[in-house]
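Scroll down for the structure; my scribbles are underneath it.
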Amino acid sequence: MAHNLLKGKRGIIFGALDENSIAWKTAERVYEEGGRFVLTNAPIAMRMGQINELASKTESEIIPADATSEEDLEKLVTQSMEILGGKLDFVLHSIGMSVNVRKGRHYTDEKYDFTTKGWDVSALSFHKVMQSLYKADAMNEWGSIVALTYMAAQRTFPDYNDMADNKAYLESVARSFGYFFGKEKKVRVNTVSQSPTPTTAGKGVKGFDGFIAYAELMSPLGNATAADCADYTISLFSDLTRKVTMQNLFHDGGFSNTGVSQEVIERFSE
Ligand code: NAI
């Protein structure tokens, strides 16, 4: 059900690869709520993904940009303002990739070139995106910037590998940049810490099926889906959350504050 929560707002959405992507669901919901945006992804992902379909459904233009390239990001920000006819109100960073995970390298056997690349894509890119927006003075006052993260930043999940460290860095960047964006431009910056979700990035984590089933049993409200995550992000882009900033917001059905659930205990009492 749409409420026109984002009527008249403009933004950029990073990371819609296919219809399972959290960014894809978010783009659909933003459109429903009256927001208009530019879609962007890495040039390579454009060839693999179905982003054209999403663009036509949401009357959006696509600008390819590698989120690790300052040059690409500068162009993206300038062109987006031209296309959308003004400064921006919201930005979604929905980007993650670990080369160590992809190549099956264990956390105790990292190849550091892979580590650096994964950190650049998954974590430093958030700083690069915000610095490009900041320097171009591209955000309207009371705008909102959101990045997606995972609880492995706080607690150890062995197979999450170096993405845990990348997420810890990403969350720290949200706080640090959130200070300056708040002070200077009245823009808020938050991370949403989402339940395990069956997407291309999610399913890349070893043991994902067992892990998502475990999280479902542990969470009093059940796992948050990609569609639920889109709804939550809409609230953060809307004017109803203007004073929420520099936060890591758990969106996980209660998983992060549950020690153990009755269902999990019962599994061990059988
Ligand atoms: P996804 O695989 O659909 O999205 C990841 C996106 O990152 C893809 O669109 C990919 O093309 C993009 N990307 C990779 N390298 C890039 C680069 N150099 N420049 C620009 N874009 C690049 O998977 P999902 O799950 O929707 O991931 C979105 C975000 O949600 C990520 O930050 C992920 O870590 C986070 N997240 C995912 C969870 C899950 O279980 N799926 C749980 C918690 C957080």
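Please verify whether R242 is basic (K, R), on the phi < 0 side of the Ramachandran plot, in contact with a strand residue (DSSP E or B) (Cβ under 8 Å, 6 or more places away or on another chain) and crowded, with 19+ Cβ neighbours inside 10 Å, treating the condition exactly as stated. No. The condition of being under 26 Å from D228 (Cβ atoms) and aromatic (F, W, Y) holds for only one of F114, F90, that being F90. Consider segment 205-231 and keep the residues that are of a type in the set (V, I, T) and under 18 Å from the mean Cα position of the chain (by Cα). The one that is farthest from A147 (Cα to Cα) is V205.
Yes/no matrix, rows are residues, columns are (1) assigned to a helix (DSSP H, G or I); (2) of a type in the set (F, W, Y); (3) within 16 Å of the ligand (Cβ to nearest atom):
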position	(1), (2), (3)
E53	yes, no, yes
E59	no, no, no
P64	no, no, yes
T68	no, no, yes
D72	yes, no, yes
K75	yes, no, yes
I83	yes, no, no
G86	no, no, no
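Only one entry in T245, T225, T241 is closer than 30 Å to V187 by Cα, within 15 Å of the ligand (Cβ to nearest atom) and among the β-branched types (V, I, T), namely T225.
Quick test for you: out of F268, F208, F255, F237, pick the one residue that is at pLDDT below 95 and touching a helix residue (DSSP H, G or I) at 6+ places or on another chain (Cβ under 8 Å). Before you say what the answer is, go through the steps one by one.
Numbers: F268 fails: touching a helix residue (DSSP H, G or I) at 6+ places or on another chain (Cβ under 8 Å); F255 fails: at pLDDT below 95; F237 fails: at pLDDT below 95.
After ruling out the rest, the residue left standing is F208.
Of everything in segment 42-51 that is in contact (Cβ under 8 Å) with a residue 12 or more places away in the chain and in a helix (DSSP H, G or I), the residue that is surrounded by the most Cβ atoms within 10 Å (Cβ to Cβ) is I51. If we scan segment 27-41, do we find a residue that is within 10 Å of the ligand (Cβ to nearest atom), in contact (Cβ under 8 Å) with a residue 40 or more places away in the chain and surrounded by fewer than 21 Cβ atoms within 10 Å (Cβ to Cβ)? No, because not a single residue in segment 27-41 is within 10 Å of the ligand (Cβ to nearest atom), in contact (Cβ under 8 Å) with a residue 40 or more places away in the chain and surrounded by fewer than 21 Cβ atoms within 10 Å (Cβ to Cβ).
Okay, residues lined up against (1) within 26 Å of Q194 (Cα to Cα); (2) touching a strand residue (DSSP E or B) at 6+ places or on another chain (Cβ under 9 Å):
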| residue | (1), (2) |
| --- | --- |
| I63 | no, yes |
| D66 | yes, no |
| V91 | yes, yes |
| Y107 | yes, no |
| D120 | yes, no |
| I145 | yes, yes |
| A152 | yes, no |
| A164 | yes, no |
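Residues in segment 1-32 that are more than 24 Å from A138 (Cα to Cα), in a loop (DSSP other than H, G, I, E, B) and not aliphatic (A, V, I, L, M): H3, D18, E19, N20, S21. Restricted to segment 161-204, and to residues there that are hydrophobic (A, V, I, L, M, F, W, C) and within 7 Å of the ligand (Cβ to nearest atom), the residue that is nearest to the chain's Cα centre (by Cα) is A201. For segment 213-270, what are the residues that are of a type in the set (D, E, K, R), farther than 21 Å from M139 by Cβ and in a loop (DSSP other than H, G, I, E, B)? Those that are of a type in the set (D, E, K, R), farther than 21 Å from M139 by Cβ and in a loop (DSSP other than H, G, I, E, B): D252, E270.
For (1) at pLDDT 95 or above; (2) of a type in the set (D, E, K, R); (3) under 24 Å from F177 (Cβ atoms), each residue gets a yes or a no:
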site: I44; (1), (2), (3): no, no, no
site: D66; (1), (2), (3): yes, yes, yes
site: L73; (1), (2), (3): yes, no, yes
site: L88; (1), (2), (3): yes, no, yes
site: V99; (1), (2), (3): yes, no, no
site: G118; (1), (2), (3): yes, no, yes
site: H127; (1), (2), (3): yes, no, yes
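The values are calculated or read from the model by the stated rules, or taken from the named source; none is laboratory data. Bear in mind the structure is a predicted one, so any value in this text is a computation, not a measurement. Heads up, the Cβs are rebuilt from the backbone with ideal geometry, glycines too, and the neighbour counts pull from every protein chain shown.
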